[in-house]
Every structure is written in structure tokens, then in C-alpha cells.
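Engineer: For reference, the structure I am asking about is given below.
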DNA sequence: CGGAGTAAAAGGCACTT
DNA sequence: AAGTGACTTTTACTCCG
């Protein structure tokens, strides 16, 4: 069967008005999908073709037109663009020894060139570090966009020679924290620090590095959105969604009244959540909330008191 | 026990030396 | 990099219902 015949056979099935499954007619309502009246078959006429949109009539055209490979990414030091010379032709004895030796040498040189440069090598280590740290946090684990952004941040820091005198891993942590702050992800410095301590990186160093980057690039970092923290509390404590919603409302108002500046975002979020739980008779103890929010009960009390005073002025409760 | 409150110690931040 | 000062949070504790 020629290609033309195959093509005709395939398309005629779709174009004909008979169901290819049972042969009966389609029902076609206006603006609706075609559905077979008797067996329910839906022809996937508009499904996406996995095939290339071009055609090649000889080998030369094929090699010229083909464009494949993984998409470009910032998370690999050479952006994932380099072709890796495979090891197949080295190991496989069906190839002649000359060829195998040649490929072996090519591979060796490729490895050298790829990461031989100190800058490139460090970039590779740093970006790997970022990826590694990402895998420790479930907020980040499957967040490709955050990984790309962190990698972009890291590259920017590296290319400006700002890692000199600082450790790669500390910079990696700082870049992750930066991304979290930029994207409003509820990942606190403490969260990162707990993980970093295991690698011998102190919280202080991450914070200093982070501030250094922010200052150097003159970045405008939004004030943390407290809602993120309150929903984090809600998740950990398994509270009702309504309590969480009320907590975020309280935080909105508190923010509007400038009650959030200078205070720890987690403390205020915890207090708002406590307040919401009291108001909604979904009562949680201060201790319970303090534990998941990583603040003390005293802080919750203080912030709670302040919220109650400022938010309910003149309002009979 | 849950919560209110307090004094003193500790910690973080912006800024200076 | 260490010191300073204004400020917040933590520690540790008391008291109340």
C-alpha cells in the first residue's frame, strides 16, 4: 500500500459521516462535537498531531528540517543545549576499533570542554545544589517555574562575580529564599535554615547573602503576603476552610491598617488564625497554633490582643 | 489545662565605625 | 566585621477561672 493510499484511508474515515466503530450515522448538533448515535464514539478530529508538520522527501531534507531535543532550561549549566556524544559506539564491539577510539576521544574532550572552565564547573555545582535543595521541600518539589527562576537568580549572581568569597551552597539557599519572596511562596528563612544546618550552612549566612543580593541588584521585594502563612497553618492544623478564609480576611484588613509592618509575618498570621478560630467557634488553642506556626504563644497573645483592639474599635461584639 | 500578662534575656535589623 | 540602638520575640514565670 502506498503512502497516498494510507493517507486516503485514514482521512476518509474521519471525513465520512459514518461511525468507524459501528457504521451508523453521527448525530451532530450545531456547535457540538460529533457523536455516534448508536455507540457513543466521538471522532477525535481535532486532537493534536504528534507528527511533524513538515514532510521530507529524501534524507537530506529530513536532516535539515528535523528540529528536536529537550527544551532549553536554565537549570543546567549549559542550558541543556549541548549534544552529548553517546557511549554506545564506544562500548559496542560491532563498530570497528578505529571508530570506537575516535568516539572515545571525542567524549573525553567533550567532558573536558563542558565543565573544564572553573566558572562553568562552579555554575554546574551550584545549580545542582539548587535542585538538590528543592527536593527537600514539598512546596518546591514539583514547581518547575520556581526552579527556573531560582536558576535564573543564581546565574545572575554568579555572572556578576558575586559568589567570590562566599560559598556556593549558601548562595544557592539565598537564591531559593529570594525566589520564595519574589513569588510569595510560604517558605520561611527558618524553613530553609533548618535544612541548611544539616549542610553546615548557618541561617545567618543565608540571610546575609540574601540581603547582599537584594542590595546589590537593588531589588524590590514585596512584603510577605501573610495569607500564605495562614493557609500553611490551616493545612498543618487541618482546620476548616472557612476559618482559613476568615483568617485571610483578617490579615487583609490588618494589612490595610498597617498593623503588619515590623512584625514577624508568621506571628501575625498565627494570631489571625487563632482569632478566626475563636470567632468561628472552631476553637484551637494558642499552643496548637504556635507549634505549627513556629512562634510562641506569647507572640500570638500579643498580636491577637493588638488585632482585637484595633479591628474592633467601636464595634460591639 | 487554657489563657492573660510581665520582666528580663535573646535575637534580628538598619545603620555606623 | 564588630558595635549600637530601637524594636520584636522568646524564655520563664505568676496568676486566674
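Each value in this text was obtained by applying a stated rule to the coordinates, not by laboratory testing. Model, not experiment: these values are computed from the prediction. Note that each Cβ is placed from the backbone with ideal geometry, even for glycine, and that neighbours are counted across all protein chains shown.
Engineer: Which FRET efficiency value, to the nearest 0.05, do you get for residue A:212 and residue A:242 by plugging their Cβ-Cβ distance into 1/(1 + (r/R0)^6) with R0 = 30 Å?
Structural biologist: 0.10
Engineer: Moving on to the next point. Is the C-alpha gyration tensor of segment A:179-317 telling us rounded, prolate or oblate? Criteria: a/c under 1.5 is rounded; beyond that, a/b larger than b/c is prolate, otherwise oblate.
Structural biologist: Verdict is prolate for segment A:179-317.
Engineer: May I ask you to give the average projected area over all directions of the convex hull of the Cα atoms of segment A:147-238, in nm² rounded to one decimal?
Structural biologist: If I average the Cα hull's projected area over directions, I get 6.3 nm².
Engineer: Taking neighbour Cβ counts within 10 Å as the exposure measure, how do A:221, A:268, A:163 sort from fewest upward?
Structural biologist: Fewest-to-most Cβ neighbours within 10 Å comes out as A:221, A:163, A:268.
Engineer: A further question follows. Taking 7 Å along the Cα-to-C-beta vector as the label spot, tell me the residue A:145-residue A:199 distance in nanometres, rounded to one decimal.
Structural biologist: Taking the two extended label points, one gets 2.4 nm.
Engineer: In terms of the Cα gyration tensor, with a ≥ b ≥ c the square roots of its eigenvalues, is segment A:250-317 rounded because a/c is under 1.5, prolate because a/b exceeds b/c, or oblate?
Structural biologist: oblate
Engineer: If contacts are Cα pairs under 8 angstrom and at least 6 residues apart, what is the relative contact order of segment A:158-317 in percent?
Structural biologist: 18 percent
Engineer: Follow-up. When only Cα pairs under 8 Å and 6 or more residues apart are kept, what is the percent relative contact order across segment A:131-192?
Structural biologist: With pairs under 8 Å counted, the relative contact order is 31 percent.
Engineer: Once you sort the root eigenvalues of the Cα gyration tensor of segment A:184-255 as a ≥ b ≥ c, which label holds: rounded (a/c under 1.5), prolate (a/b larger than b/c) or oblate (the other case)?
Structural biologist: Working: a/c = 4.46, a/b = 1.59, b/c = 2.81.
Oblate, because a/c is 1.5 or more while a/b does not exceed b/c.
Engineer: Next question, about the same structure. Once you have the Cα-Cα distance between residue A:105 and residue A:166, take 0.36 nm times their residue separation minus that, and quote the gain in nm to one decimal.
Structural biologist: Length difference between fully extended and current span is 18.4 nm.
Engineer: Could you list A:147, A:311, A:219 in order of exposure, starting from the residue whose Cβ has the fewest other Cβ atoms within 10 Å? Can you show the working numbers first?
Structural biologist: Numbers: A:147 21, A:311 15, A:219 12.
So the ranking, lowest neighbour count to highest, is A:219, A:311, A:147.
Engineer: Just want the ordering: A:98, A:282, from fewest to most Cβ atoms lying within 10 Å of their own Cβ.
Structural biologist: Lowest count first: A:98, A:282.
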